[in-house]
Amino acid sequence: EDSSDDDDDDDDDEEDSSDDDDDSSDDDESTETTKSKKVSSTTKTTKASSNKSTIKKATNELPLPNLSTLTPDDAAETILNGITSNLHERMSTMFTKAKTHECRAKIAEHFALFVNGLAMEAKFPFQDWYYPSTCTAIPYYENWDDLPPDVNAHDLHHRVYQPPKDSVPEGTYIENVDDLELVYVILTHDQPEATIRLIESVYVENRTKFVVHVDGKEKADETFDRLVEYAKEKNGERQLLQEGGGGGGGEYIRLVPNANRVRVNWGGFSMVNATLVAMKTLFGLDYYAEHSEDEEVPGHDNPHAFSFHKMIHLASTTYPLASNTEIRDTLASYPLDANFMHILLQPNDPTPQVWNYFVECDDALHRIYRLPPLTVDKGHGIDIHTSSQWFIISREFAWYIANPPKNSLVDYLRDYMEHVVVADESFFGTVLRNTHFCSTLHNDNFLHIQFGSWENEDKSANQRDPRKCVMRNPDHCGRSPTTMTLDYLPVLELSGDLFARKFDDVAEPLLKDHIDRRREKEEERFLREEALAKEIEANKTAGVEVTEKLPLESWEFQGEGVMLVAKETVLDEIPLCLGLSRDGANRVHLLPCFKEDVPPTLSPDWYTGAVIIEEIEHYSRWDIGPCSSDGELHRNETTGELEMTPGEYTQTGPKCMLKIGDSIRKGRCLDVESDRTKPGAYLNIFPCEAKWHQLFSFGNGDVVPSGGIHVSPPKHLSSKKSTAHLCLGVQGRSSEDKEEWLRPEHDDDPDDLWPWEQDNATEYYDNGFLSLKYWDGLQLQTTPCSNEGAVVEFLYVPFIVEEYDNDEGESTDNKSDAAVEEKTDDDAEGLVVGDEL
């Protein structure tokens, strides 16, 4: 949130987990002088010739009398007067953020736990905390840096819970998606109209309900009053409909009562508490707390509980990306007891220096001392797991959290987590991971979030939001998600997620309008495809020949992939293509397009037609897509160029993934190294993530050279000095290259000459630039799209699988089998951009 807003109640928080030893400064060694001896409080006092000593206190020295001449009480008082001055300074500093008596008393109470623990030789808080994990479905690995040979971290983190329907008991899945009931639990603090728009965007009549928590601070009262008015109006409409026989369902929007609203603060346990309070409202428990005299708590199906199958926890700054039909179909494709969370299954094991004990009061966090991290290795029974506070969970798990059984993990962990900074990113995931509910974890919350920089990055100390820098080390700060901008819309479209955050209707008033239009189109397309898929399946079942195909967008066609040829090399003796070598590495190079005997057989205009898969030398077959929908792409069959038409809001047209079509890495995406926003980043192949650094656009000669392939770092991630568009290119070929862009190949001696620096590098093209053959086999990197000579322009040549006449006999067997096998492998990866072949 903006640093001027101290109501960051519905925000994701992240605390930097770097191991800063911010409490471990070493004292200087004691030194002896002719007049006195300096001693620390942990060493024996040595009688000096002057009968005077000094005690080292942080960076100050306290003169001491001859302690042997004092009574024990007087000597102790003398020492403590010096030692406790540090405690006085520390508490005085904490009290600067605490104004009320209640808050200062709370700080003093918790501070005394540690001081008295030392004085009484007692254990510090939570030092012997223990609760046994009851999760058996997810294996425990003691060392994630040394996993068993048949286990890899990527597969562990991408845990899927979607068993085949025919392998589970009846009732595991909902039979009819139209019966799926969802309830949205929303946290908000301002902009009530954004909350109302969110509610109306996901509302499905008689199948959707809402619980809203409004921050308890006074400045959020107007938001609360507006939403109370809105809920009353909408619930009244439903009630009238029901009374008139129209099938309405009465109340479907419920606000957490005013008396139960939580004052929410960045990084505080109040974020967790607001969710817990909202979940009690969801199950009607606050009603029974106010009206019932019975001590027995009602069940989850009591008359005041909302009926639902899945609870979706969102911030009011969230907005749906998918249509309501797709949201419901997606959730219905998993078991009813599935819990969708994003959890880092590798346990969080921070050093004691960065895991601190906090108390929250006066709308601020106050750091007391160190907090023992909970780990299995240290005998605590469970590990702490970092996770997102936004999730989609089953009714059973929601009830377990809202009304935990006596002596449950929720109760034990809550006492501990009340003192953890950014507890909302640990509490819910740790509970799920360490209870029997872990067997139902699907490790994806279907929410797209893009975090910005840490608060201490690119900001001076007086520019930082003090709420996000609460550790002893002032450079150890947290961060929050960035606000989505219009240029980021293609990333959202291709993310594959159901929701995204965060949105700001004031900063980007048109963004949701574009999303709504796309959701409407996707709704129509989804229903059309669903109907056609059912028809095709029915025909197959009936034994009818199937000729129908699912509808394609205008930019889609089905084929065998495409070759990306460096335009300047098409008439060279050895044309060069974008590809991977056969050494198994992830690096993307310019490599020979064909086997040695093929180039002499090529016609001068070969690049305007198609090429045969069996004739390529390296892994240079690519699939283009999926692509964003704003703008158009078409392949010009006369020139082999990919022509781009800008869209309504995207000047550079559609953004697409480029997936490698062969090798063991088939299906992985072209990726800008470490999502670097500056020139000089290497190009690699990496598992597809649908992030900006894997979404490429194609130049048309206006903003980017025709044939150029480029990425555009989002504005909210770029500095004023950043390059707007980064093209695929080579280093050392342009006079505009900068020294910091030139990077040695991974295995090269940095003192070796580059290939283009050798004496035999004498061949030039008519445009005045060295032949690209001197970059054969070198890894491509990003360069400014304005950097003429460095930018590589590409042509697009589709592949075909050569078919052979069976009458030709033995000469066709091996090659034909290979072609058929190749075609079969690519059926699911056959989307590229252009006209249908």
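Remarks
- Among residues of the stretch 675-690 being closer than 20 Å to C785 by Cβ and either of a type in the set (D, E, K, R) or modelled with pLDDT under 90 (or both), the one that is nearest to the chain's Cα centre (by Cα) is D675.
- L80, sole failed condition from (1) in contact with a Gly (Cβ under 6 Å, 6 or more places away or on another chain); (2) part of a helix (DSSP H, G or I); (3) of a type in the set (A, V, I, L, M, F, W, C): (1)
- Scanning the stretch 63-77 for residues that are part of a helix (DSSP H, G or I) and exposed (fewer than 15 other Cβ atoms within 10 Å of the Cβ) gives S68, T69, P72, D73, D74, A76, E77.
- Among (1) modelled with pLDDT of 95 or more; (2) open to solvent by less than 20 Å² (accessible area, probe 1.4 Å), the one test that H436 misses: (2)
- You will find that of S49, S53, S85, S40, the residue that is open to solvent by 40 Å² or more (accessible area, probe 1.4 Å), of a type in the set (S, T, Y) and at pLDDT below 90 is S49 and no other.
- Residues that are over 23 Å from P713 (Cβ atoms), touching a residue at least 24 places away in the same chain (Cβ under 8 Å) and open to solvent by 40 Å² or more (accessible area, probe 1.4 Å) within the stretch 474-515 comprise D475, D505, V506, listed in sequence order.
- Among (1) closer than 29 Å to V506 by Cα; (2) at pLDDT 95 or above - the single one K280 does not satisfy: (1)
- Residue ranges of strands (runs of 3 or more DSSP E) in the stretch 167-280 with at least 2 members over 29 Å from the mean Cα position of the chain (by Cα) and surrounded by 14 or more Cβ atoms within 10 Å (Cβ to Cβ): 253-255
- Test: residue in the stretch 324-341 that is under 30 Å from P192 (Cβ atoms) and acidic (D, E): yes
- Failed condition for N302, given (1) closer than 30 Å to E175 by Cα; (2) in contact with a His (Cβ under 7 Å, 6 or more places away or on another chain): (2)
- Neighbours by Cβ (under 6 Å, 6+ apart or cross-chain): first from the stretch 94-115, in contact (Cβ under 8 Å) with a residue 40 or more places away in the chain; second charged (D, E, K, R): A98/R104; A98/D362; K99/D362; T100/D362; C103/D362
- Some residue of the stretch 520-529 being surrounded by 15 or more Cβ atoms within 10 Å (Cβ to Cβ) and either modelled with pLDDT of 90 or more or farther than 27 Å from F696 by Cβ (or both): yes
The values are calculated or read from the model by the stated rules, or taken from the named source; none is laboratory data. The model shown is predicted, which means the values in this text are computed figures rather than measured ones. Please note: Cβ atoms are built from the backbone with ideal geometry, for glycine as well, and neighbour counts cover all protein chains shown. All accessible areas refer to the heavy atoms of the entire protein, side chains included, with ligands and DNA or RNA removed. Shrake-Rupley method; radii C 1.70, N 1.55, O 1.52, S 1.80 Å.
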